[in-house]
Amino acid sequence: MDPRSLLRCLPAIDRLLASPALQELVAEIPAVLLTEAARETVEALRQRLLGALPGGDMELDIDAIAREAASLARKKTAPSFTPVINATGVVLHTNLGRAPMAAEALEAIALTASGYTNLELNLATGKRGERFSHIEELLCRLTGAEAAMVVNNNAGAVLLALTALAKGREAVVSRGELVEIGGSFRIPEVMAAGGVKLHEVGATNRTHLKDYRQAIGEDTALLLKVHPSNYRILGFCESVPACDLVALGRETGLPVMEDLGSGMLMDLTSFGLPREPTVREAVKAGIDVISFSGDKLLGGPQAGIIVGRSQQITRIKRHPMARALRIDKLSLAALEATLRLYLDEKKAVERIPTLRMLAVSETELGRRSRALARRIRALSTALEVKLIPSTSQVGGGALPVFDLPGPALRIAAEGLSAQHLAERLRCQRPALMGRIQDDHLLLDLRTVKKTQEAQLLQALSCALGAGATL
């Protein structure tokens, strides 16, 4: 039959909506979405018939069309957010939401979201309070700072601090520290947005204290140091230590600010990680204003934390932009719960997922990987799994040249390329994310919870079409 003649066989929308497949969804899916799905399904068939898409042998039975429309309607109502099993081995995976939070933080979010709370109320006086009060004392205790505040993220923290302290004037910064992080966040552009003039000093690979000294003039408002969280300059290179920059700031009467990026509240060298300055060490060095992220190495929610001397922090708090960048109550509650865990560092490592993943030993990962490999082989003879030496990454722009040693599972499925298998696994619920390396799919258990292993097996089974219940 001529495809154009088949157009008359397409069902009317009303008739399609009256079909059993769509009627059974009336109670759970809004009528507007059911109608939209019906129209889009019929229109897609019409376009194929008209030659816009290959026709082939199309099913024009109304029940079949209704089932297709029902499937589309379910997709329209499915949440965009979906859980993901992170088997990439990247601990702070920005695309997957960075740091998973501790159970205590999740409990704090649920409690805060379920009703009213004293977000900006001083319960002792009955008068308006300050949301920073919930975390300021904690942050000062953990870092040694005189004062603290928090905004929505670290980019906001840097923008706010620069604007409050140096708008209309100059900030002096090393050329080797003019970083760009994900999303095209560039220090020069942030400074421009805050009305701060950039004064670059030194060379890309070497900056000396004298470069800062020579750059200081009547228009200078701030000395800025930026931690290169997401890159390293190696070889013939030199930067000015924070303590030397602080001494110059005291000599010239200029505040010194440092963006620590990831920010660490405790020394992680015991996990085999390289030595990095902690926030407390930056405070002890005399830095006036320090900013860092809440959802990176700290292991909490997205937040931009600012600590330092009372004089500068007060100026930042009072700036009008602080309200526009303020943190919401749920993130604030999660941050407070996370910070409280750091009062006992041993407990922090046990309870905060990011620290737990960084601390897990190569031996423990090997034991888990071998056990899971046996369970994968038992799923199907179509699956081939091999334990191989590999490395994980910290991610999130932190410790960019450091790899965490540990094994990975190399998975191959009969008749499927690595890319096709990875695609099928991403379509499962929960989605399973591995990484492709040398045309093989690798699964790294460093970033997989033990409680997720059964779901990982189920995803592999479903990706093969077995659909077995495990």
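Residue 88 meets the stated requirement of being in contact with a strand residue (DSSP E or B) (Cβ under 6 Å, 6 or more places away or on another chain) and either surrounded by 19 or more Cβ atoms within 10 Å (Cβ to Cβ) or closer than 30 Å to residue 299 by Cβ (or both).
There is no residue in region 66-82 that is in contact with a Lys or Arg (Cβ under 8 Å, 6 or more places away or on another chain), surrounded by 18 or more Cβ atoms within 10 Å (Cβ to Cβ) and not charged (D, E, K, R).
Does residue 259 satisfy the criteria of being closer than 19 Å to residue 155 by Cβ, assigned to a loop (DSSP other than H, G, I, E, B) and acidic (Asp, Glu)? Taking the combined requirement at face value, the residue does not satisfy it. Out of curiosity, is residue 396 surrounded by 19 or more Cβ atoms within 10 Å (Cβ to Cβ), at pLDDT below 95 and under 26 Å from the mean Cα position of the chain (by Cα)? For residue 396, the condition - surrounded by 19 or more Cβ atoms within 10 Å (Cβ to Cβ), at pLDDT below 95 and under 26 Å from the mean Cα position of the chain (by Cα) - is met. Might you let me know whether region 289-296 holds any residue that is at pLDDT below 95, closer than 24 Å to residue 186 by Cβ and part of a helix (DSSP H, G or I)? Scanning region 289-296 turns up no residue that is at pLDDT below 95, closer than 24 Å to residue 186 by Cβ and part of a helix (DSSP H, G or I). Criterion applied to 6, 16 was being surrounded by 13 or more Cβ atoms within 10 Å (Cβ to Cβ) and either β-branched (Val, Ile, Thr) or modelled with pLDDT of 90 or more (or both), and the one residue passing it is 16. Just give me the residues in region 171-198 being charged (D, E, K, R) and buried (at least 21 other Cβ atoms within 10 Å of the Cβ), in sequence order. Hit for region 171-198 is 177, nothing else. Within region 47-73, residues that are under 17 Å from residue 14 (Cβ atoms) and at pLDDT below 90 sit with their Cβ atoms under 6 Å from residues that are of a type outside the set (Asp, Glu) and buried (at least 17 other Cβ atoms within 10 Å of the Cβ), at 6+ positions apart or across chains, in these pairs: 62/11. Screening 382, 463, 371, 412 for residues that are buried (at least 20 other Cβ atoms within 10 Å of the Cβ) and hydrophobic (A, V, I, L, M, F, W, C) leaves exactly one candidate, 463.
Note on region 437-449: residues that are at pLDDT below 95 and not acidic (Asp, Glu) amount to 2.
Going through (1) of a type in the set (A, V, I, L, M, F, W, C); (2) modelled with pLDDT under 95; (3) under 30 Å from the mean Cα position of the chain (by Cα) one by one, residue 44 falls short only on (3).
Results for (1) outside any helix (DSSP H, G or I); (2) outside the structural domain of residue 295 (by TED's automatic domain parsing), shown as yes or no for each residue.
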position: 64; (1), (2): no, yes
position: 119; (1), (2): yes, no
position: 137; (1), (2): no, no
position: 141; (1), (2): no, no
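The values are calculated or read from the model by the stated rules, or taken from the named source; none is laboratory data. Since we're looking at a predicted model, the values are computed, not measured. All Cβ positions, even for glycine, are placed from backbone atoms using ideal geometry, and neighbour counts span all protein chains on display.
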